[in-house]
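The values are calculated or read from the model by the stated rules, or taken from the named source; none is laboratory data. Here the structure is a predicted model, which means the values were calculated and not measured. Positions of Cβ are generated from backbone atoms using ideal geometry, with glycine treated the same way; all protein chains shown enter the neighbour counts. Ligands, DNA and RNA are excluded from the accessible area calculation, which covers all protein heavy atoms including side chains. Shrake-Rupley method; radii C 1.70, N 1.55, O 1.52, S 1.80 Å.
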Amino acid sequence: MSPGLHHVDVIVVGGGPAGCIVANTIAQRTDKSVLLLEAGVDRDPNALVVDDPTISPDLFVAQSSPAHVTTQRITNHRNPSPYLRGQGIGGSATINGLLCLPGLPSDYDAWAKAGCDGYSWDDLSPVFTQLGRSMRTTTAATWGAVDRMLVGATGLLDIGAWQEIGTARCVMAIDETGRRVVNTPTLRENLSVRTHTTVQSLLVDDKRVVHGVRLDDGTEIESVHTFLCTGAFASPAILLRSGIQRPGIGRNLHDHVGITLDLTIDNPTPLTHATMPFGTAVSNVVHHAEDWVQVNASSEKDHVTAHEVRRIPSSSLTIQVLPLNRLGLTDGLQHRGALMATPLEATHTQGDVTIDADGTPTITMPNDRDERDSEALRRAAVALANIGSQFDADVRPAIPNICTELSAMNDHELDDWIDEHPGSYFHAAGTCRMGAATDEQAVVDPHCAVIGYSGLSVVDASIIPRLPTAGPYLPVMAIATLAAERFVNCLST
Ligand SMILES: Cc1cc2nc3c(=O)[nH]c(=O)nc-3n(C[C@H](O)[C@H](O)[C@H](O)COP(=O)(O)OP(=O)(O)OC[C@H]3O[C@@H](n4cnc5c(N)ncnc54)[C@H](O)[C@@H]3O)c2cc1C
């Protein structure tokens, strides 16, 4: 900690996954002085036990730490439940589901084609592989009742990799002892960290050069370069409060939106250190909806293989079915589980982040869903009905016959059911999207530099142009790795 520091080479704002990677890389690879500013708390270096919220892999244990959870109000959102964000060193990764999937090659090739040079699959896949070395797949010993039922109903593919169709062991950011792995700053002489420090705005001169940041208590800290890594809601808000002028700031807010089928569990897996998050381990079922129907219709037809997955046409819809082995930590919630089905398609329904007169952000999602999203959710509901009907007496839908009823519903009835059974993944992205420097709506160029300004970059989930067929956690880490390496390389040329 260096509370008195008022001038550094590089300021990194936000200690989430992106901010920690950027700060660590620049500090390790250069002699530049780096200051990481984080609004929330520090990590507790003494946390040793797995049921400690700061290191537990269990989503619900992690979210029991009030210091790490903040909620956002979404205006006009169809789903009225609070939108969770993590805060403190580690950011949303301190409370997230830890699932690490890279997505599909076509996701990133589309980014590159849309002007994000250097972010094609060929560019990113070595980084995914490198990051994946420190991750682990779940084992059967850590599964809960819903995992086991799901594996029983769908079969388990013997592929520990990460982009397959079928039920697979999840790849998660956990260590060999099952603890939550979170990016943290590695302290060194040229890297300082200040937690409980909220950045209000940037110091920008009339030549559009950014000279540092202003904290919420009015303190100014100067820098040669500033990286904004405060996530999909705070990054556009800080840019707007600073008067940065790009028409795309705050636009293109999109997410993965799913639905939930409630389950009753007669014999829940006891909550112990040996069990894993989402209740226990998450089996990751990624299904092409039509394939799923065929598999159920003909169980001998074992065409769900890794080989086939990679040949699925890019126009097909991928639905991820996530088994929740419990819905929380209290005794009552141990007997309640769920299947969440989420089309791993970026939503076409887009919202935005704006600020009001005093700089407070407003996050808005339109009430009316894009028809393509409605259709994807209907297919997810049918996939849920198909899977739910396979479950046995021990793990069964909380409403008897709901699977039969869902299968018989018309679109209008399905839409109503979907609205009443939301399932949020908290994958907000896209509000400072990357694109070519000539792209009017792009906020950052492929170097992550804010277009039209100098001394300022944004590196976090906000620059994702369109969510890949995966959660943003691993992609954000990969983008941050590449962006920081490229920044360092530019310094040395
Ligand atoms: C409950 C939940 C479950 C999730 N599960 C998964 C999952 O299983 N798999 C997956 O792929 N993704 C998941 N995600 C999404 C994933 O965690 C995020 O996309 C990812 O953490 C984004 O990283 P980031 O660095 O962009 O931002 P964040 O992780 O949000 O970090 C931003 C940091 O900036 C700090 N900050 C904000 N404003 C300021 C300010 N003004 N000054 C200083 N600091 C500030 C915040 O406190 C925070 O620490 C989940 C998210 C949540 C909330």
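Is it the case that region 216-231 has a residue that's within 11 Å of the ligand (Cβ to nearest atom), without any contact (Cβ under 8 Å) to a residue 60 or more places away in the chain and open to solvent by 10 Å² or more (accessible area, probe 1.4 Å)? The answer is yes; a qualifying residue exists. Quick check, is residue 363 of a type outside the set (Asp, Glu) and open to solvent by 10 Å² or more (accessible area, probe 1.4 Å)? Taking the combined requirement at face value, the residue does not satisfy it.
With the requirement that a residue be under 22 Å from the mean Cα position of the chain (by Cα) and part of a loop (DSSP other than H, G, I, E, B), what does region 118-142 give you? Passing the criteria: 118, 119, 120, 133, 134, 135, 138.
Filtered by the rule that a residue be in contact with a strand residue (DSSP E or B) (Cβ under 8 Å, 6 or more places away or on another chain) and farther than 19 Å from residue 354 by Cα, region 79-90 gives 79, 81, 86, 87, 89. The residue list 191, 240, 203 contains one member that is within 25 Å of residue 486 (Cα to Cα), at pLDDT 95 or above, open to solvent by 10 Å² or more (accessible area, probe 1.4 Å) and away from the ligand (no atom under 11 Å from the Cβ), which is 203. Examine region 404-413 for a residue that is open to solvent by less than 30 Å² (accessible area, probe 1.4 Å), in contact with a Cys (Cβ under 9 Å, 6 or more places away or on another chain) and farther than 30 Å from residue 199 by Cα, and state whether such a residue exists. No, that holds for no residue. Got at least one residue in region 167-178 being closer than 22 Å to residue 343 by Cβ, under 23 Å from the mean Cα position of the chain (by Cα) and either among the β-branched types (Val, Ile, Thr) or modelled with pLDDT of 85 or more (or both)? For region 167-178, residues closer than 22 Å to residue 343 by Cβ, under 23 Å from the mean Cα position of the chain (by Cα) and either among the β-branched types (Val, Ile, Thr) or modelled with pLDDT of 85 or more (or both): present.
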